[in-house]
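**Student:** Here's a structure for you.
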Amino acid sequence: MVVGKKINRVDAVTKADGTAKYTEDLLDDKCLVAKVLHSTIANGKVLSFDLEEAKKVPGVVKIITSFDVPDIQYPTAGHPWSTEKAHQDVCDRKLLNTRVRFYGDEIAAVIADDEIAADHARDLIKVEYEEYPAIFDMEESVNNPGDVPIHEEKPNNVIVKSNYEVLDYDEAVKEPGLIKVTGVYETQKVQQCHIENASSFAYKEAGKVVVVSATQIPHIVRRVCSQALGCDMGKVRIIKPYLGGGFGNRQDALTEPLNAFLTLQVGGRPVKLMYTREETFFGTRSRHAMKFYITSYVRPNGTFAAREIVAYSDNGAYGSHAHALVANAVNAFRMMYPVGAIKGVAYTVYTNNPTAGAMRAYGIPQIGFALEAHVDDIIAKLPNDDAISFRKKNMMQLGYVDPGTTITCHSTGLSECIDKGREAIGWDEKIEKYKNQTGDVRHGVGMGIFCYKTGVYPIALETSACRMILNQDGSIQLQVGATEIGQGADTVFSQMAAETLSIPFENVHILSQQDTDVTPYDTGAYGSRQTYVTGMAVRKTAESLKNKICDYAAWMLNKDRIDLDLVDNHIVRVGTNDVLISLKEVAMEACYSRTNSNHIAAEETHHCSDNTYSFGVCFADIEVDIPLCQIKVNRIINVHDSGTIINPQTAEGQVHGGMSMGLGYGLLEKMLFDPKTGRMLNSNLLDYKLMTAIDTPDLEVAFVEPKDPSGPYGNKSLGEPPVIPVAPALRNAVYNATGVAIDSIPLNPEKLFQEFTDAGLIK
Amino acid sequence: MYDFNNIYQPKTIEEALKMKSEHPEALILAGGSDILIQVRDGKLAGCDVINIQPLNELRGICVEDNGSILIRPLTSFSHITKNPIIEKFLPALGFAVDQIGGPQIRNIGTIGGNICNGVTSADSASTLKAYDAVLEIASVDGIRLLPYADFSKGPGKVDLKGNEILTGIRVPKESYENTYGEYMKYSVRRAMDIATLGCSVNVRLTDDKKSIDRVRIAYGVAGPTPMRVPTAEKLGNGKVITEQLITDIAEAALTDVKPRTSWRASKEFRMQLIKELCKRSLRTSIKKAGGTI
Amino acid sequence: MAKQLITVTINNKLTELYVDPRESLADMLRNDLKLTSVKHGCDVGECGACTVVIDGENFDSCIYLAIWADGKSITTVEGLASLEGELADIQQAFVDDGAIQCGFCTPGFIMSTLPLLNVEEDLSREEIKKQVSGNFCRCTGYTNIINAIEHTREKIKNDRDSDK
């Protein structure tokens, strides 16, 4: 068995010895440098550029402004394209924009021989603007959109408003004896902060524009570039090398379309467009800030009778992934506790903030915080329930079919996850121990649970292709369009291929780089979809290759195909498992046979039309230093049901990473903006509070592994989910420790100071 | 590539002083962890610099004949922390500079740079203030000695003339002898962060360890420059140690400070920290000095 | 600006080269010597991805001028494996402990561990964390990185003890 085994990553050595090449490492020495001029107003339009001084800078090759780009509005979201117009992504930006919609909007670009010249010339460009009042608050944007909409296509600044209702909410609330609980919960805008900045370079070769880019979604970026440039898709080639983290930000076309355009303006000479850390902060994507109004009606026996949510999502200046995130959030509000009547309304709103897009768990960290905070607020009002009993009574059960999406719960280990975490953290003893505390430093425990679907079916297309080629030595080449972005995808695909083919893991050679001219189609790394969707493509392709190998062996051995199988790297007789010939011998003959050469390869598409839920829980044990407004996390554990774990080491790594991101989300991270201008204040790693090693507690992880019948190897989503339950667990632990229920994150010192002062804990 | 207009490269202190007098507008490039960043972000792009980084004469720590501790300005933070003289006589300073940034910054950043850039959040500044450090400032015209207390002239401004270079930082024996100190840095993260507030306290107790003979309290970020709190110190000097005294000193400190609200923290929160850090640093200092509360 | 000759030992090899006085050490290593393990992540000494070891101490090479390296000895991650390609203990521990994900921070992170590996006194987990807090990792949550450092220190200690 290779699936389920701890195996070192296939790319670990090349990353440890420094030979792994990332985008910038592949640069041509003669590459020209492009630098983008960003707007210094948040809302308005460019009236004119004065380029005279800038052009005089020695080394400047060309300056392109928003008046020079094609009059094409294109989408950037990393979604599979919909051939139905109604479901297509929002097309609302140009390569450079005359109509400026946030502080930092891309309005011009300088191409120069070197960085000093490019920077210098950019700083000398003079811009004349017509300025409009800027709107930074999402509710304000809806309630008071002003005379000039942010996008003329959406006069009231609402990109999409959606709603749903399960059962009759108005009827349900009439039930006598219900306890009403309301809350308003807010989550902040944060950034993905992959350590490799947004970066690409582009050149023209053989009539095609080639873009080398750190992207999660090479095939989608090819389509987006062709839309932005107004050219055929076949004229664009995207190459994705090793990539320094994505976390959803690179599930979007970022620098690629403009970079492709810029190289074409200088005759196809190589041009690099490497965003700085600052530009990556404000000029790429971020996690949507959201605000939720939740009302619940609960029976005294601790079950939901009815529940309502009104959600606002701040999409910022451009559409990007738009409504898909908050729609996901209000759906999860329904799915997590599918009990009673449920009603949801969601708004996705343009504002003059930098654009939000995909970030790890796509709307669910936001609702996860709100819902799990709300649940603890409910429990505080119930006489006979505690955090665990209430959740267990109301949470999703096996066989649940979601009325909105039809996604079915094919497996669940959530209850076991909770039991395991409860035991590990010592929940029952600590609840008892932490009662009735006084003093400056107080302890608390808290928890949060989540459910997460696996991939995007049926909301969008789920498809994946895989190719395998048999080498002469019996090893195989494995090619997928799905991308390795650090999560370990290449390693688990290799395990899956080895498993199904029954060959040694070492004999699977996966090509880690994607090149859209070569690689099979796949939509890319997002939605925690790859092990589930691409995994099935790998399995199907391995089965197909195995079949072809056995066909050839049957010819070679002059046996009936039906009697042969590939087991343990050998062709064996079915039934007896007698070894007939090694795979290597078959492979050599297939390649070099003078009478019947056959270059055995297989390629299959998996069109996925199923989905399932993964689950998990976080338990946190913290201490709060009230006068210093500081939280110290003493222990934190995530327990996950992601079905069969393909590789315990990479799986644990995903959970660690998600927990760390969840800790940052819950405690420290927040993008800050000047309230007057909309300029980002903390667009650097000193002022944006990413957690360092010493800020991060040791992370504990456990799994329960019910085999999911719909997953290719019993597996379901894992990449994104670990981030989800951490922030609410921390919030609920602060509540447990201090009695102060805080309804927004991050729980940073300034926030705690406000809350503790309001609660009278600080005088 | 850093956008310098000119980079002057002296081989000796004398050359450096000569260059500084010829190019008074040129900036002194020591560890670079402030200046290079500002060159990159454009604030200082196109500037002239005098690269004193290689001048090893300006590195090192020694005890002088009169017992003063002399720290040369290019000494890196990590070398200060690891230095046996500092460990023995001024551990609070070694600890303070060990709270700066991360290991890489502590290896490149210099104590001279930390105080010459004049920012209120400099982690070494409050401790040097609290120990009444004296600065040695040189020019082609000679050397002058200046109490560090008089060095700050406002946010980012210090008393250094165009032709001058800081060449030494001294802590007199009287200042550190029998004195025990504590620095508390409050920051959102425990590394790679600037202080929301810094508090450096040191005490000399009476022989019976029952009273405070001398207490000195200095803050970073409690005002536009690193500052002492004379009212609080005066209140503490000569008093019997009690928990009430500690609270009183901390309350008195509030009358001396003038923190402001910025997007990094509110004035109110900083006031809370001024009080709380003072109490905690005082308690620790007193305990280190052998006192009981 | 006129280039300047410097003499520097890089990964145990004495090298003479002309550098622009405005050039950072990171750019010199990446562009002039093709040591591309030295990564740009922020260019202001905040992320640690460009960390190299100079005369035994770790530095952010993005805020270190190339001319400062004159006369010094520099190690990058390319200099750690043996000539035959066998990984150094710390590199192997990163591989075995699952301390690598996207790998972008890995070379710089490994360089920051070097000054810790041969410290003979016991270092608490907390102290180790402090000494690598100048390197950000967004993928791993650090736990496995700290494990890898501890395991390597144990191995080095055992090797040292068995030599005695």
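**Student:** Hey, what D do you get for the stretch B:179-288 in µm²/s if you plug the Kirkwood alpha-carbon radius into Stokes-Einstein at 20 °C and 1.002 mPa s?
**Tutor:** 155 µm²/s
**Student:** For the stretch A:302-354 and the stretch B:158-175, what is the separation of their C-alpha centers, rounded to whole Å?
**Tutor:** Going from one Cα centre to the other spans 60 Å.
**Student:** For the charge dipole of the stretch A:196-330, defined by +1 on Lys and Arg C-beta atoms and -1 on Asp and Glu C-beta atoms about the Cα centroid, which residue among A:LEU262, A:TYR318, A:GLY234 has the Cα displaced farthest towards the positive pole?
**Tutor:** Of the candidates, A:GLY234 comes out farthest on the positive side.
**Student:** Under a crude label model (7 Å from the Cα following the beta-carbon direction), how far is B:LYS18 from A:ASN596 in nanometres?
**Tutor:** Here the modelled spin labels are 9.0 nm apart.
**Student:** What is the local net charge at A:ILE562, summed over the other residues whose Cβ is closer than 12 Å to its Cβ (Lys, Arg +1; Asp, Glu -1)?
**Tutor:** -1
**Student:** Just check the stretch A:463-607 against the gyration tensor rule for me: Cα atoms, a ≥ b ≥ c as the square roots of the eigenvalues, rounded for a/c under 1.5, and otherwise prolate or oblate depending on whether a/b exceeds b/c.
**Tutor:** Prolate.
**Student:** Something else now. Kindly state, to the nearest 0.05, the FRET efficiency for A:LEU398 paired with B:VAL63, given R0 = 60 Å and r defined as their beta-carbon distance.
**Tutor:** The computed FRET efficiency comes out at 0.20.
**Student:** Right, another one. Hey, which of these cross-link pairs are over 26 Å Cα-Cα: B:LYS82/C:LYS72; A:LYS430/C:LYS129; A:LYS343/A:LYS392; B:LYS210/B:LYS258; A:LYS381/B:LYS267?
**Tutor:** A:LYS430/C:LYS129; B:LYS210/B:LYS258; A:LYS381/B:LYS267
**Student:** From the phi angles alone, apply the Karplus equation (6.51, -1.76, 1.60; θ = phi - 60°) to the stretch A:351-365 and give each ³J(HN,Hα) in whole Hz, x where the residue is Gly or Pro.
**Tutor:** For the stretch A:351-365, the Karplus-derived couplings read 9, 9, 8, x, 5, 8, x, 7, 8, 2, 5, 6, x, 7, x Hz, x marking Gly and Pro.
**Student:** If you don't mind, another one. Using helices alone, what [θ] at 222 nm do you get for chain B, with -39,500 (n - 2.57) per DSSP H run of 4 or more residues, divided over all residues and rounded to the nearest 500?
**Tutor:** My calculation for chain B gives -9500 deg cm²/dmol from helical runs alone.
**Student:** Would you mind calculating the relative contact order of chain A from Cα pairs under 8 angstrom and at least 6 residues apart, reporting the percent as a whole number?
**Tutor:** Computed over chain A, the figure is 16 percent.
**Student:** Evaluate E = 1/(1 + (r/R0)^6) for A:VAL579 and A:PHE505, where r is the Cβ-Cβ distance and R0 equals 25 Å; express this FRET efficiency to the nearest 0.05.
**Tutor:** Once the sixth-power term is evaluated, E becomes 0.80.
**Student:** Between B:LYS267 and A:GLU175, what is the label-point separation in nm under the 7 Å Cα-to-beta-carbon projection?
**Tutor:** 5.3 nm
**Student:** Now, a different point. If you plug each phi of the stretch C:76-86 into the Karplus form 6.51 cos²θ - 1.76 cosθ + 1.60 with θ = phi - 60°, what whole-Hz ³J(HN,Hα) values come out, in order, with x for Gly and Pro?
**Tutor:** Those phi angles translate into 10, 5, 5, x, 8, 5, 6, 4, 7, x, 6 Hz.
**Student:** Okay, next question. Calculated from DSSP H runs of 4 or more alone, at -39500 (n - 2.57) each and per residue, what is the 222 nm mean residue ellipticity of chain A, nearest 500?
**Tutor:** Rounded to the nearest 500, it is -8000 deg cm²/dmol.
**Student:** With +1 on the Cβ of every Lys and Arg and -1 on the Cβ of every Asp and Glu, and nothing else charged, how large is the dipole of the protein assembly as shown about its Cα centre, in debye rounded to the nearest 20?
**Tutor:** Dipole magnitude for the protein assembly as shown comes out near 1500 debye.
**Student:** Here's another thing I want to ask about it. Can you work out ³J(HN,Hα) from phi for every residue in the stretch A:209-217, in order, using Karplus 6.51 cos²θ - 1.76 cosθ + 1.60 and θ = phi - 60°, giving whole Hz and x for Gly and Pro?
**Tutor:** 8, 10, 10, 9, 8, 7, 10, 7, 9
**Student:** So who's got an amide H within less than 5 Å of the one on A:SER744, skipping anything under 5 residues away but keeping other chains? H placed 1.01 Å off N, in plane.
**Tutor:** Long-range HN contacts for A:SER744: A:GLU186.
**Student:** Moving to a separate point now. Could you please rank B:GLU233, C:GLU120, placing first whichever residue has the fewest other Cβ atoms within 10 Å of its Cβ?
**Tutor:** Ranked by crowding around the Cβ, least crowded first: C:GLU120, B:GLU233.
**Student:** Cross-link partners among lysines for A:LYS546, C-alpha distance below 30 Å, same-chain residues fewer than 8 apart left out?
**Tutor:** A:LYS5, A:LYS6, A:LYS240, A:LYS559, A:LYS584, A:LYS707, A:LYS716
**Student:** Additional query: Could you give the distance between the Cα centres of the stretch A:444-510 and the stretch A:384-424, to the whole Å?
**Tutor:** 27 Å
**Student:** What is the set of long-range amide H partners of A:ALA305 at a cut-off below 5 Å, with H atoms built 1.01 Å from backbone N?
**Tutor:** Result for A:ALA305 returns A:TYR297, A:VAL298, A:ARG299.
**Student:** Next question. In degrees between 0 and 90, to the nearest 10, how far off the longest principal axis of chain C does helix C:106-117 point, with axes built from Cα atoms?
**Tutor:** For C:106-117 against chain C, the angle is about 70 degrees.
**Student:** By how many nm would the segment from A:ASP68 to A:SER48 grow when fully extended, if each residue of separation counts as 0.36 nm and the alpha-carbon distance is taken off?
**Tutor:** Between A:ASP68 and A:SER48, full extension yields 6.0 nm more.
**Student:** Also, quick follow-up: So which aspartates and glutamates can B:LYS279 reach, going by Cα to Cα under 16 Å and dropping same-chain residues fewer than 8 places off?
**Tutor:** A:ASP440, A:ASP625, B:GLU182, B:GLU233, B:GLU243, B:ASP248, B:GLU251, B:ASP256
**Student:** Further, regarding this structure: Please list, in chain and number order, the residues 5+ apart from A:GLU462 or on another chain whose amide H is under 5 Å from its amide H, with Hs placed from the backbone.
**Tutor:** A:CYS608
**Student:** If each Cα of the stretch C:45-164 is one equal point scatterer, what is log10 of I(q)/I(0) from the Debye formula at q = 0.21 Å⁻¹?
**Tutor:** Treating every Cα as an identical point scatterer, log10 I(q)/I(0) equals -1.27.
**Student:** Here is a further query. Using alpha carbons only, how many degrees (0 to 90, rounded to 10) separate the axis of helix B:267-288 from the longest principal axis of chain B?
**Tutor:** The angle comes out near 70 degrees.
**Student:** What shape does the stretch B:61-174 take by its C-alpha gyration tensor, where a ≥ b ≥ c are the square roots of the eigenvalues and a/c under 1.5 counts as rounded, a/b above b/c as prolate, and the rest as oblate?
**Tutor:** In terms of gyration-tensor shape, oblate.
**Student:** Run lengths n ≥ 4 of DSSP H only: what is the helix-derived mean residue ellipticity at 222 nm for chain C, with -39500 (n - 2.57) per run over all residues, to the nearest 500?
**Tutor:** So the helix-based figure for chain C works out to -9000 deg cm²/dmol.
**Student:** Kindly state, to the nearest 0.05, the FRET efficiency for C:LYS3 paired with C:VAL119, given R0 = 41 Å and r defined as their beta-carbon distance.
**Tutor:** In this case the efficiency is close to 0.60.
**Student:** For the pairs A:LYS204/C:LYS34; B:LYS18/C:LYS3; A:LYS45/A:LYS272; B:LYS129/B:LYS239; B:LYS11/B:LYS161, flag any whose C-alpha to C-alpha distance is greater than 31 Å.
**Tutor:** Flagged as over cut-off: nothing, all pairs pass.
**Student:** Where Lys and Arg each count +1 and Asp and Glu each count -1, what net charge lies around B:PHE4 among other residues with Cβ under 12 Å from its Cβ?
**Tutor:** Residues close to B:PHE4 contribute a combined charge of -2.
**Student:** Could I ask something else about it? With a Cα-only, solvent-free Debye model of chain A, what are the log10 I(q)/I(0) values at q = 0.05, 0.09, 0.11 Å⁻¹?
**Tutor:** -0.27, -0.85, -1.21
**Student:** Summing Lys, Arg as +1 and Asp, Glu as -1, what charge do residues with Cβ under 11 Å from the Cβ of A:PRO706 carry, A:PRO706 excluded?
**Tutor:** Surrounding charge for A:PRO706 is -2.
**Student:** Straight-line reach only, C-alpha to C-alpha below 15 angstrom: list the aspartates and glutamates that A:LYS180 could link to, leaving out same-chain residues fewer than 8 apart.
**Tutor:** Excluding near neighbours in sequence, the set is A:ASP170, A:GLU171, A:GLU308, A:ASP376, A:ASP377.
**Student:** Given a 10 angstrom Cα cut-off, can you work out which residue in C:ALA88, C:ALA148, C:ALA99 is the most mobile in a GNM of chain C?
**Tutor:** C:ALA88
The numbers here are math on the coordinates, done by the rules we state, and not lab data. Note that this is a predicted model, so its numbers are computed, not measured. Glycine also receives a Cβ, built like all others from the backbone with ideal geometry; neighbour counts cover every protein chain displayed.
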